[in-house]
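Working notes for the structure below.
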Amino acid sequence: MPLVELRGVSKRFGKVVASSGIDLRIEDGEYVTILGPSGCGKTTLIRMIAGILEPSEGQVLIGGRDMKGIPIEERDIGYVFQNIALFPHLNVLENVSYGPVVKDVSDEERQAVPKRYLELVNLLDRMRMFPSALSGGEQQKVALARALASGARLLLLDEPLSALDARVRMDLRYELRRITKDLGLTVLHVTHDQEEAMTVSDRIVLMRSGRIVETNTPEMMYRAPKELFTANFIGETNLLDGVVVASEDDRTVVEVRDGSKVEAQPSRFEPGDAVVISVRPERVHAEEKGLRAIVRSISFMGTYIRITAEADSEDIMGFDVRVPRGRDFNVGDNVHLGWSKQSALVFPRPPGGIAEAVKLE
Ligand code: ATP
């Protein structure tokens, strides 16, 4: 039985449609992230699951039970929300010991569990301090420890790592996944950080403008996105528009704006179809032959050099290319860009244009 199920859930705030017809199932024990640009409706969605907001339409089910009218404290969830602060009059240990649900555990266990989680987030030495004496990042860690210590089987986390330093955030990501997997918890984690989503999730739900764009494992979202928006939002990509001139068993040949012909994966498109090709920067090589381009910028990135090249025709977008160190490039150089046909995906050209289709509204 899915632990969380949304059926046709919509939420309107006056004229703003924050969620629109959301259908989603989260299986027991799954770690799911809701990812998307700012304002796409992530927080609204998780708040409806928590019971802080009521949907305008549709149903939220937890463990098969309709949650309509059931308040947050009766939903058996652990949560970390941006604006739900710690209790200011309780110290750190008391905050973490405060379980919203009375648990059937021994006194010994009741005392040991909060300390275990405080140790995990490295705050055991602050357990007698009050929240006002902690930094924003420390408060976030206490909230996380409290959610884990609550004993709830479902965790709802809204940007739980956002106030932390980059390094701590990275360490805690792995810990978060490991602990929740060890405990067999179901997690719904909201983030706008695609790298965070890629590293912690079993499955990513990508949202845009109140709707789900697509849902898949991190690897499939990256390797085989179904939508142009996904290809552009998850990881980095170069987009190039053109028209199919040949569609064969092992490749699609596309003529781009400057008249060059480039290859892509085999696809369902027919000659004459208007398409967009997506190819990741790390798959593009500067070669002897291929799409003509001019180097516009060069950046040293440590293990590789990144060049931004612009194809001859003004209509073609800039290309990011990663080249091994040791090759000399100068701004203004003519280069040829190429890739293996397997690494170029083909999408239908959106009627409103590429920019509109990938815009972060
Ligand atoms: P962010 O990543 O910036 O936190 P988000 O994806 O979580 O954004 P939401 O906070 O869910 O997005 O907001 C979705 C839309 O609903 C936005 O346009 C927002 O302005 C609007 N909205 C959210 N809460 C309210 C509210 N209480 N009243 C009016 N509009 C709201």
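Derivation of every value follows stated rules applied to the coordinates shown; laboratory data play no part. Fair warning: this is a prediction, and the values are worked out from it, not measured in the lab. Every residue, glycine among them, receives a Cβ derived from its backbone with ideal geometry; neighbour counts consider all protein chains shown.
Things to note:
- Segment 112-194: C-alpha gyration tensor shape, a/c 1.5 cut-off, then a/b vs b/c: oblate
- Rg/Rh (Cα only; Kirkwood hydrodynamic radius) as it applies to segment 4-228: 0.96
- Distance (nanometres) between label positions extended 7 Å along Cα→Cβ at Y98 and A85: 1.2
- Taking a ≥ b ≥ c as the square roots of the eigenvalues of the alpha-carbon gyration tensor, segment 183-312 is classed oblate because a/c is 1.5 or more while a/b is no larger than b/c.
- Set of aspartates and glutamates near K359 by C-alpha distance (under 15 Å), chain-local residues within fewer than 8 positions excluded: E227, E236
- Helix-only arithmetic for the chain: the sum of -39500 (n - 2.57) across DSSP H runs with n ≥ 4, divided by the residue total, places the mean residue ellipticity at 222 nm at -6500 deg cm²/dmol.
- Over segment 4-228, relative contact order from alpha-carbon pairs under 8 Å, at least 6 apart, %: 28
- Fewest-first ranking of Y304, Y174, using other Cβ atoms within 10 Å as the exposure measure: Y174, Y304
- Degrees between helix 107-120 axis and first principal axis of the chain (Cα, 0 to 90, nearest 10): 30
- DSSP bridge pairs, the chain: antiparallel proportion in percent, nearest 5: 75
- Listed by Cβ neighbour count within 10 Å, with the fewest neighbours leading, K11, K42, K68, K341 appear as K68, K341, K11, K42.
- A crude spin-label estimate for the pair D125 and K359, with each label 7 Å from Cα along the Cβ direction, gives 5.1 nm.
- Each of V254, V213 was scored by other Cβ atoms within 10 Å of its Cβ. Arranged with the fewest first, they read V213, V254.
- Centre-to-centre, using Cα atoms only, segment 103-133 and segment 248-264 are separated by 60 Å.
- Gyration tensor verdict on segment 169-210 (Cα atoms; rounded if a/c is under 1.5, prolate if a/b is larger than b/c, oblate otherwise): oblate
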